[in-house]
1. Please list, ordered by residue number, the helices (runs of 4 or more DSSP H) wholly in segment 108-190 having 3 or more residues that are in contact with a His (Cβ under 9 Å, 6 or more places away or on another chain) and within 20 Å of VAL15 (Cβ to Cβ).
2. Please name all residue pairs, on different chains or six or more residues apart, with Cβ atoms under 7 Å, provided the first residue is in segment 45-60 and is among the aliphatic types (A, V, I, L, M) and the second residue is surrounded by 18 or more Cβ atoms within 10 Å (Cβ to Cβ) and outside any strand (DSSP E or B).
3. In segment 89-101, is there at least one residue being open to solvent by less than 10 Å² (accessible area, probe 1.4 Å), farther than 20 Å from SER45 by Cα and in contact with a helix residue (DSSP H, G or I) (Cβ under 7 Å, 6 or more places away or on another chain)?
4. Restricting attention to segment 38-66, report how many residues are open to solvent by less than 10 Å² (accessible area, probe 1.4 Å) and among the aliphatic types (A, V, I, L, M).
5. How many residues, within segment 102-128, are without any contact (Cβ under 8 Å) to a residue 60 or more places away in the chain, on the phi > 0 side of the Ramachandran plot and in contact with a helix residue (DSSP H, G or I) (Cβ under 7 Å, 6 or more places away or on another chain)?
6. ASP77: within 13 Å of the chain's Cα centre (by Cα), open to solvent by 10 Å² or more (accessible area, probe 1.4 Å) and either at pLDDT 95 or above or under 24 Å from ASP142 (Cβ atoms) (or both), yes or no?
7. Step by step: first the residues of segment 102-140, then only those that are in contact with a Lys or Arg (Cβ under 6 Å, 6 or more places away or on another chain) and aliphatic (A, V, I, L, M), then the one that is surrounded by the most Cβ atoms within 10 Å (Cβ to Cβ). Which residue is that?
8. Just checking, does segment 158-169 include any residue being in contact with a helix residue (DSSP H, G or I) (Cβ under 8 Å, 6 or more places away or on another chain) and under 19 Å from GLY19 (Cα atoms)?
Amino acid sequence: MTDHDLDGRRVLAVVTHYGVEQDELVVPVEHLRGAGARVDVAAVSEDDVVTLVGDRDPGKTVRPDLALADVDPSAYDLLLVPGGTTLNADALRLQSDAVAIVRAFAGSGRPVAAICHGPWALVEAGVVAGKRLTSYASLRTDVRNAGGEWVDEPVVTDTAGGWPLITSRDPGDLEPFLREVDTALAAVRR
């Protein structure tokens, strides 16, 4: 599973209520919880989150732990931003609470991990300038226009600007993505 003991580490995942890619939320949450981390899922409200598989087929339903408006970003060690095209990621970047959470993590030097279309929230938050990152290929122009360097690699970890950013392209990259998330989370000073 993981080579790191993540006991006591706290992770926040931010999503909307419909369309998050199932494996980009469920697999990291289960993986991190299995390694000892406490993971909270925050959504627009505390209504159920309906995930999708391949942006089309119904996936698992996830019960959020809290609403985005109720999040205290300082209580967490790492932020997870899963994707899911326009149904989740595009809608998430329109949520001012989610954008504020991204800014709080980047501004405090704590790690942010975003996969697939998740980096859209980082673009909206204005935190990708000077960062090297990857994402689903359709975001490359948005990332470049926001001042980031987009690359086509399975996982990219960048520490420029004083905060770690871990990004991956899609659910096929979950293994290296989670390896880098574990490493970043284990390195967080408590």
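1. Hits in segment 108-190: 174-187.
2. Hits for this filter: VAL49/VAL15; VAL49/HIS17; VAL49/PRO64; VAL50/HIS17; LEU52/GLN22; LEU52/GLY84; LEU52/LEU87; VAL53/GLN22.
3. No, segment 89-101 has no match at all.
4. Total satisfying the criteria: 6.
5. Total meeting the criteria: 1.
6. Numbers: within 13 Å of the chain's Cα centre (by Cα): yes; open to solvent by 10 Å² or more (accessible area, probe 1.4 Å): yes; either at pLDDT 95 or above or under 24 Å from ASP142 (Cβ atoms) (or both): yes.
Spelling it out, ASP77 is indeed within 13 Å of the chain's Cα centre (by Cα), open to solvent by 10 Å² or more (accessible area, probe 1.4 Å) and either at pLDDT 95 or above or under 24 Å from ASP142 (Cβ atoms) (or both).
7. ALA121
8. Yes, segment 158-169 contains at least one residue that is in contact with a helix residue (DSSP H, G or I) (Cβ under 8 Å, 6 or more places away or on another chain) and under 19 Å from GLY19 (Cα atoms).
The values are calculated or read from the model by the stated rules, or taken from the named source; none is laboratory data. Since the structure is predicted, the reported quantities are computational estimates derived from the model, not experimental observations. Every residue, glycine as well, gets a Cβ built from its backbone with ideal geometry; the counts of neighbours run over all protein chains shown. With ligands, DNA and RNA removed, areas are computed over all heavy atoms of the protein, side chains included. Shrake-Rupley method; radii C 1.70, N 1.55, O 1.52, S 1.80 Å.
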